[in-house]
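The values are calculated or read from the model by the stated rules, or taken from the named source; none is laboratory data. Just so you know, these numbers come straight off a predicted model, no measurement behind them. For neighbour counting, all protein chains shown are included, and Cβ atoms are generated from backbone atoms with ideal geometry for every residue, glycine included. Only protein heavy atoms, including side chains, enter the accessible area calculation; ligands, DNA and RNA are left aside. Shrake-Rupley method; radii C 1.70, N 1.55, O 1.52, S 1.80 Å.
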Amino acid sequence: MDSCRMSFGRRLLHFPRQFFAIINIVRVPLAVAVLASLAFYVPPQTHEIYRILAQDIQTDRSQIIASYVSLFLAGWILWDTAYCLTKVLVTEPGSGQSVDSILLRWLPRLIGTAPIVACAFGILHAQQGLLHASVHAGNVLDSLSGDFRIAELNALRTQLETDSEILRTGAYICFGLAALLVLWVLLRERFETTRQLSPLPAVLGRQPRFISYALVLAVTTVFALTAVAVPQALGALTIFNLFIICLVLFLTLLDLLGRRSGIPIITVLVIVAVVASVLELNNNHDIRTWKRREAFEKPDVAQAFGAWYGSRKDRKFYEDRNRPYPVYIVAARGGGLYAAYHTAKFLARLQDQCPSFAQHTFAISGVSGGSLGGAVFAALTKALKAPNDAHEPCAALNEPHNGAYEKRVDEFFDSDFLSPLLAALLFPDFVQHFLPYPIPSFDRARALEVTVEKAWAHVAPEDPGLFRDDVFTLWKPDGSTPALVLNTTNVESGINHAVMPFMRMDEARVPLFDVLRPEPGREQTPGRGEPSQSPKPRYRETMALSTASILSARFPWVLPAGSYDSLSFVDGGYYDNSGLSSAEDIIAILRQRFSGVDFVVISFFDWIEFGERFSELYDEHPARIDLTAPISTMLSVRETRIGDTFLRLAGRPDYPGFERVPEGSEVKPARLVALDASDWQLPLVWQLSRLTRQLIGLYSGAPPACGLHGSSRDEHDGDVLQLSFSDCTACRIYRELSGDAHSEQGEDFEPCSAPSAQQH
């Protein structure tokens, strides 16, 4: 008995050493398997990809099959690599029932099946998201009364439930693949003979090494040369599975070579990547710019607006009726592709209903995804030749309209922007980290820009090259295309910069700087105290509309910081994620100089009441962890600044902590287009499922629905309130552009009726 106890004690003491010795043997495939498993299960972006595949089951089964096949291959190669390593590197295998022997048999099996099982649970997680959305849709339905969208919501709820069942089936398929892999492994091990050759050639032989290197080189080259077509054909999941396969093969070879030579090759490569990055030897993220043949001058904001306002052909209609001329400034917030779609959808729907809307929209201040959405709408107004004509009322609410703008928006955002970005991120741009010289074509931001350009060319054959063209030729003072103010943040200073058709705005509350610099010797711009004869800066350098749009949306680490003239620029949301700051500055400058104008801010938000936000935050557990507290503070301060700015613009002092708005700071009215991303679990991703787009479409403004549900937060569900905000914002603009009413406080939720029969 004592000897048994001593034997058990020795085994127990030796277990940690044996365990970590075996872990060290399979460290590469184990690390890759953990990485893959986390990627398949945790990110909400991955869940959106699962939902997209579920909806494509009737139309694009080839991509679904490719995803399953590549997932199984990735699991099999992970197992085979770990299995071969245990055969090559274990010198003293234990007895069949010993702990180390059991670990050697089962650890490779776990490594191979873990990503497949994680994918299955990730799909089930995505399914729970659809069920949550279905329940949420039911709650919204219960709060609606007499709304024409009830049928649409019912159909959406049914589709959510159907797709959740498809996802459940997909999860079962993944579990089946994991079981198939285990069965294959057991059969192979059972029929393996003792006379089998050492697996050393299977891992380190010349032919396998050549195949591994050739595979990595070939995939990287293909994705670098065909940045859009091939990635979109494969899909995001297949691309990621290819990355897992290439990564485990390549790193295993390097690890084995390092063990044999005594040189830690992987560690050396990591050091090379870090040093090259610190010294900026491998920085291939320069912003794409070019020089015009002739230099040009940018007007200041007041001059630009004066020329634009003077060219409005429907001014007389408002002047004859002694009504202020409605001018809209759009503040498009960040939020990835869902924010881009929400912005473009709302604006396009308004333009279809009221053809003079673009004629009254002076500028769009965009941030991140909102910049892309604003750019798509502005480009559509130019491609489809939005009119600048005498007054024409909006179309009757009970009459159908062609919906040309909205259809183009839907078609544009049906594109897969994620797969090209992911392919460039995981292959060419990943390789770039280990090269001490930059290769511009490997830049993942350029891959996304090219994808945007191709998507636009597909939906707008009238002007297919518009997103490749000079961004500063988009706006003309006598046209109906809004001026784009695409906000970004300077890494070195934290100051807000923008790509815009105006000069640096010195008269703003905080000066707004240009991204691109003027010609040497003309950096100084006339400010408030300078004489009018001061020379204006002249610009020669420019960039494409696609580059400017994506520059505003460079949120690391998905997209890199863009480099320009020793400066770096990232997502504009770091400074202000709402676009309100620049919109407020523009209006503050213009309203001092122009009377007879009703400046209106259209603000895209994803939360409702600023005061309630604070009460909810106080109920949550504080984030006091040393690692996360600074990041949490930064994000909270950013959101608080957004609320502060909006309350000033809205002139709404009736919130806790805002008993008095500073005199002269109000810009009335401000309009809210609300969408709470948390309620519907909308992901920050560069590809949207059709269901997600349908959900966003519900919150993209329907003037006839205004006034159906009231405005009381206590009496109505929060989502219904958000619907009312969006609907009534569209309704008020509809009435203004039809000539029936101008902006007044207290009419936020008045019913929207067709234009009156008065003479226009």
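Per the listing D740, D719, the residue uniquely at pLDDT 55 or above and under 26 Å from the mean Cα position of the chain (by Cα) is D719.
Here region 247-265 is the region considered, the condition is being touching a residue at least 60 places away in the same chain (Cβ under 8 Å) and not hydroxyl-bearing (S, T, Y), and the residue that is nearest to A114 (Cα to Cα) is V248.
For residues in region 268-282 being under 15 Å from I439 (Cβ atoms) and outside any helix (DSSP H, G or I), which is most open to solvent (accessible area, probe 1.4 Å)? My answer is E280.
For region 307-341, filtered to residues that are open to solvent by 30 Å² or more (accessible area, probe 1.4 Å) and part of a helix (DSSP H, G or I), the residue that is farthest from H360 (Cα to Cα) is D320. The set of residues in region 390-423 that are part of a helix (DSSP H, G or I), in contact (Cβ under 8 Å) with a residue 40 or more places away in the chain and not acidic (D, E) comprises A404, Y405, R408, V409, F412, F413, L418, S419, P420, L421, L422, A423.
Selection of region 533-573 for residues being touching a Ser or Thr at 6+ places or on another chain (Cβ under 8 Å) and part of a strand (DSSP E or B) yields E541, T542, G562, Y564, F569, V570, D571. Of the residues making up region 463-492, those that are more than 17 Å from A383 (Cβ to Cβ), in contact with a Phe, Trp or Tyr (Cβ under 9 Å, 6 or more places away or on another chain) and open to solvent by 40 Å² or more (accessible area, probe 1.4 Å) are P477, D478, V491. Selection within region 549-606: residues that are free of Cβ contacts under 8 Å to residues at least 24 places away in the same chain and within 15 Å of the chain's Cα centre (by Cα). The member of this set that is farthest from Y325 (Cα to Cα) is W557.
Among the residues of region 664-688, those identified as more than 16 Å from H132 (Cα to Cα) and either modelled with pLDDT of 90 or more or hydrophobic (A, V, I, L, M, F, W, C) (or both) are V667, A670, L672, V673, A674, L675, L684, V685, W686, Q687, L688. Assessment of region 475-497 against the conditions (of a type in the set (K, R), modelled with pLDDT of 95 or more and under 24 Å from I329 (Cβ atoms)) yields at least one matching residue. Checking each residue of region 342-354 against the condition of being open to solvent by less than 10 Å² (accessible area, probe 1.4 Å) and assigned to a loop (DSSP other than H, G, I, E, B) gives at least one match. Between V452, V459, which is aliphatic (A, V, I, L, M), under 24 Å from V515 (Cβ atoms) and at pLDDT 95 or above? So the residue among V452, V459 that is aliphatic (A, V, I, L, M), under 24 Å from V515 (Cβ atoms) and at pLDDT 95 or above is V452. Among the residues of this structure, F240 does not count as one that is crowded, with 16+ Cβ neighbours inside 10 Å and in contact with a helix residue (DSSP H, G or I) (Cβ under 6 Å, 6 or more places away or on another chain). Screening C4 against (1) farther than 30 Å from Q687 by Cβ; (2) modelled with pLDDT of 75 or more leaves a single unmet condition, (2). Look at region 432-445: where a residue is in a helix (DSSP H, G or I) and a partner is modelled with pLDDT of 95 or more and of a type in the set (K, R), sitting 6+ places away or on another chain with Cβ atoms under 8 Å, you get P440/R446. Total residues in region 481-498 satisfying the condition of being in a loop (DSSP other than H, G, I, E, B) and more than 17 Å from V409 (Cβ to Cβ): the figure is 5. Residues that are among the hydroxyl-bearing types (S, T, Y) and under 30 Å from F569 (Cβ atoms) are absent from region 239-254 altogether. The residues listed here are A344, A295, A304, A332; of these, the one that is over 18 Å from T481 (Cβ atoms) and either aliphatic (A, V, I, L, M) or at pLDDT 95 or above (or both) is A295.
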